[in-house]
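Read the structure below first, then the notes.
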Amino acid sequence: MKALAINGGAGRMGQTLASGLSALGRFSIAALVDTREPAELFGANYASSWDDVDASTIDVVVDFSSPEGVVASATWCAAHGKGLVIGTTGLSSDQRHVVDDAATKVGVVIAANYSLGAVLSEKFAALAAPYFERVEIIELHHDKKVDAPSGTSIAAAKGIAAARSAAGLSEMIDPTVRHTVSGARGADTIGGIKIHSVRLPGLVAHQEILFGGPGEGLTIRHDSFDRLSFVQGVALAADTIDATPRLIDGIESLI
Ligand code: NAD
């Protein structure tokens, strides 16, 4: 049984992970660290600062807090010889440097997406990419999302473009020459891959990668219905990482 401390333990992800990871039966939640008090403790101790965490009770730290929170947890993990799993996004280059430095002292996993289905769909798309002439991506999210297109769709486009390029396929040229309403053909990203963003109430996070070739099509669809979709990927990372210094960037290599 691995004992975890969750930084950002009062947040939406922190609470979902505390519940979801402890339900797996192979992790105990020893500490919830957060600047504000968590609604539920899941048997853990609450600490408002890393100074109040007893390192002897923790095996691995999971961080879904803020970029400033990552700096604190990475520094603490490096000082106390604990593995670190980071899901927090939006790190500056200086903050990322602190993470890279911690990975020279302890094991660190950092990933922008811990959903196994999302990561697998990117792998499948890269596998399919050399065999289809054209590909476009539709990403669909809830109506509170403020950025478009999603980071996940950009990462998928990059992976597909790299696979197309490695297979000697040229950049796709959009056949549309008359735009009756501008924007109808979506956003141009890397390699001529179009991304179309849909925002509607009721959606969570969904993505379709549509391939087209002579006489056939292939659609790879992934749906996140709930924050629970991140639990398995975080568990995989927490299972893997320990104090041995190394950096695992993305969970693709763990699947
Ligand atoms: P949230 O705002 O609900 O929770 C963040 C929590 O962190 C809050 O409780 C806040 O008080 C706490 N916090 C902020 N700064 C802190 C600090 N310095 N020290 C300790 N605690 C601090 O946000 P959320 O939806 O739970 O998301 C948290 C992070 O996880 C975001 O960066 C988000 O983008 C990321 N995220 C990543 C993935 C992934 O798969 N990698 C998935 C979902 C969310």
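For LEU32, the conditions (1) in contact with a Phe, Trp or Tyr (Cβ under 6 Å, 6 or more places away or on another chain); (2) modelled with pLDDT of 95 or more; (3) within 10 Å of the ligand (Cβ to nearest atom); (4) assigned to a helix (DSSP H, G or I) are fulfilled apart from (4).
Among the residues of the stretch 53-65, is any surrounded by fewer than 17 Cβ atoms within 10 Å (Cβ to Cβ) and within 11 Å of the ligand (Cβ to nearest atom)? Scanning the stretch 53-65 turns up no residue that is surrounded by fewer than 17 Cβ atoms within 10 Å (Cβ to Cβ) and within 11 Å of the ligand (Cβ to nearest atom).
Residues in the stretch 93-128 that are over 21 Å from ILE220 (Cα atoms) and away from the ligand (no atom under 14 Å from the Cβ): SER93, ASP94, HIS97, ASP100, ASP101, ALA102, ALA103, THR104, LYS105, VAL106, GLY107. Considering only the stretch 72-82, I want to know if a residue exists there that is touching an Asp or Glu at 6+ places or on another chain (Cβ under 8 Å), under 16 Å from ALA10 (Cα atoms) and modelled with pLDDT of 95 or more. Yes, the conditions are met somewhere in the stretch 72-82.
Identify, from the list SER28, SER19, the residue that is under 16 Å from GLY233 (Cβ atoms) and among the polar types (S, T, N, Q). Explain how you work it out, then say what you get.
Values: SER28 fails: under 16 Å from GLY233 (Cβ atoms).
When all the criteria are applied, what remains is SER19.
Go through the stretch 233-242 and give me each residue that's part of a loop (DSSP other than H, G, I, E, B) and surrounded by fewer than 17 Cβ atoms within 10 Å (Cβ to Cβ). Before you say what the answer is, go through the steps one by one.
Filtering the stretch 233-242 for residues part of a loop (DSSP other than H, G, I, E, B) gives 241-242.
Of everything in the stretch 233-242, just one residue is part of a loop (DSSP other than H, G, I, E, B) and surrounded by fewer than 17 Cβ atoms within 10 Å (Cβ to Cβ), namely ASP242.
Sort out which residues of the stretch 193-208 are outside any loop (DSSP other than H, G, I, E, B), open to solvent by less than 50 Å² (accessible area, probe 1.4 Å) and modelled with pLDDT of 95 or more, and write them in order of number. Give the derivation first.
Of the stretch 193-208, the ones outside any loop (DSSP other than H, G, I, E, B) are 194-199, 205-208.
With open to solvent by less than 50 Å² (accessible area, probe 1.4 Å) added as a condition, the list becomes 194-196, 198, 205-208.
Within the stretch 193-208, LYS194, ILE195, HIS196, VAL198, HIS206, GLN207, GLU208 qualify.
Can you name the residue in the stretch 209-232 that is part of a strand (DSSP E or B) and open to solvent by 40 Å² or more (accessible area, probe 1.4 Å) and, of all such residues, is farthest from GLY20 (Cα to Cα)? So, considering only residues that are part of a strand (DSSP E or B) and open to solvent by 40 Å² or more (accessible area, probe 1.4 Å), the one farthest from GLY20 (Cα to Cα) is GLU216.
Go through ALA39, ALA23, ALA10 for me and flag whichever is open to solvent by 40 Å² or more (accessible area, probe 1.4 Å), in the same structural domain as ALA103 (by TED's automatic domain parsing) and under 24 Å from the mean Cα position of the chain (by Cα). Please lay out each step first, then the result.
Values: ALA39 fails: under 24 Å from the mean Cα position of the chain (by Cα); ALA10 fails: open to solvent by 40 Å² or more (accessible area, probe 1.4 Å).
Exactly one of ALA39, ALA23, ALA10 is open to solvent by 40 Å² or more (accessible area, probe 1.4 Å), in the same structural domain as ALA103 (by TED's automatic domain parsing) and under 24 Å from the mean Cα position of the chain (by Cα), namely ALA23.
Count of the stretch 7-27 residues, restricted to those that are near the ligand (Cβ under 6 Å from one of its atoms) and either among the acidic types (Asp, Glu) or more than 16 Å from VAL60 (Cα to Cα) (or both), is 4.
The values are calculated or read from the model by the stated rules, or taken from the named source; none is laboratory data. Everything quoted here is computed from the prediction, not taken from an experiment. Here Cβ is always computed from backbone atoms with ideal geometry, including for glycine, and neighbour counts include all displayed protein chains. Quick note on the areas: whole protein, heavy atoms, side chains included, nothing else; ligands and nucleic acids left out. Shrake-Rupley method; radii C 1.70, N 1.55, O 1.52, S 1.80 Å.
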